[in-house]
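The values are calculated or read from the model by the stated rules, or taken from the named source; none is laboratory data. What you see is a predicted model, and the numbers here were worked out from it, not measured in a lab. Cβ: placed from backbone, ideal geometry, glycine included. Neighbour counts: every protein chain shown.
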Amino acid sequence: MSKSCNVLVVGWTGAGKSSLVNYLTGAPVAQVGVGTPQTDRDDVPSYQASFGDIKMRLFDSWGTENDKVSEWKNRIRKIVEKGHGGSTIGAVWFHVVVYCISCGNSRVQDLDCEMIQYFRSEGFSVVIALTKADQADDAQMMDLKRTLNFPLPKVPVSSGGENRMGTINPCGKDDLLNALIIESIGNLPERQSIFSLSLLEEWKKKMYEAVRYKKVSRIENKNLENWIQSQAEEFSSFLSDKSSAFIRQELLIFSRLGNYSSSSLDCSLLLSELSHDLSFGETVLCVVLAPLLLVPAVLDIVFNGEKQERKKLEGLICKYERHFINQVKDVKGMQRKNLRGRLLELNV
């Protein structure tokens with residue numbers, strides 16, 4: 001897993017993505033232009049930065065355009081594959097998405113809302129950066145925020161520069177960075193759940209494949225049932241170990257949050273409930289085999305034989321899967337509740 005907080009910067013062409021990257025890194029690392037795409041569609045550059053003791057990697061994506069939304073989504077998936085060793089689970093790799101909307105336009109496009117909703121549906125944490133904030137007055141800013149009817153941070157930010165009126169002072173950097181860190185932490189339960197469910201999906205596929213090539217009796221398959229149970233028990237331990245390791249790795253990224261954050265967050269308090277080992281053992285123990293498999297009707301055996309028995313074995317795998325899914329959801333709910341309480345205590 002990455003040891004950096006990975007941030008994907010997205011938005012329309014000309015929304016100020018590259019300027020924002022330069023502002024956050026404090027160096028002119030990303031090429032900036034006016035009204036034309038500056039990031040190659042086949043190249044998604046990333047830039048390493050440190051904010052206090054927290055390392056962050058910013059991925060500068062090419063601009064969204066009305067007629068290329070599907071192509072853009074496909075390329076975002078390729079970004080994930082390139083950055084995470086073939087993984088296609090974006091919300092596991094990226095901690096947070098910064099969606100840039102230019103205040104210079106003074107309006108929100110339908111596509112903006114569509115893309116924000118897309119990221120949220122995929123499990124991403126999203127922060128809306130209202131770029132070029134110097135180009136909007138207070139009333140226009142309020143209208144933009146009101147139109148963006150999402151329960152998400154909306155942070156005005158300007159990278160500064162020069163215009164005919166003189167020097168434009170940069171603003172919003174600290175507020176945006178704090179929002180990125182807080183949203184990254186707040187989304188850890190969701191990301192851990194997605195990671196766990198991806199492991200479960202792999203296990204299910206392997207089990208189906210294994211059962212497909214095993215010799216199945218027309219009547220009695222107790223040995224295979226016991227084997228499936230043993231595999232579920234082994235996976236329970238594997239899932240617990242991998243999920244706990246995922247959380248511990250994530251904690252390393254934010255372990256010194258208090259040294260950076262202007263809101264003086266106590267990371268040890270905020271994240272303590274996520275550091276406990278996750279146990280999935282009870283999942284296997286609560287699965288009752290007999291009601292599911294061991295009362296086949298005589299006619300089923302006679303007329304369906306091996307095919308019917310194989311389906312029952314696959315049904316057992318599905319039953320284990322459902323219990324694992326419920327356990328993962330319970331863990332996520334517990335973590336979200338604990339984190340929400342910590343955040344409320346700290347007034348963030």
Where residue 176 falls short, out of the listed (1) modelled with pLDDT under 85; (2) in the same structural domain as residue 52 (by TED's automatic domain parsing); (3) hydrophobic (A, V, I, L, M, F, W, C)
(1)
Count, please, the residues in the stretch 131-157 that happen to be more than 30 Å from residue 329 (Cα to Cα) and either outside the structural domain of residue 24 (by TED's automatic domain parsing) or free of Cβ contacts under 8 Å to residues at least 40 places away in the same chain (or both).
14
Tell me yes or no: at least one residue of the stretch 145-157 is under 22 Å from residue 13 (Cα atoms) and polar (S, T, N, Q).
yes
For the stretch 218-336, list the helices (runs of 4 or more DSSP H) that sit wholly inside it and hold at least 2 residues that are small (Gly, Ala, Ser) and modelled with pLDDT of 70 or more; which are they?
222-253
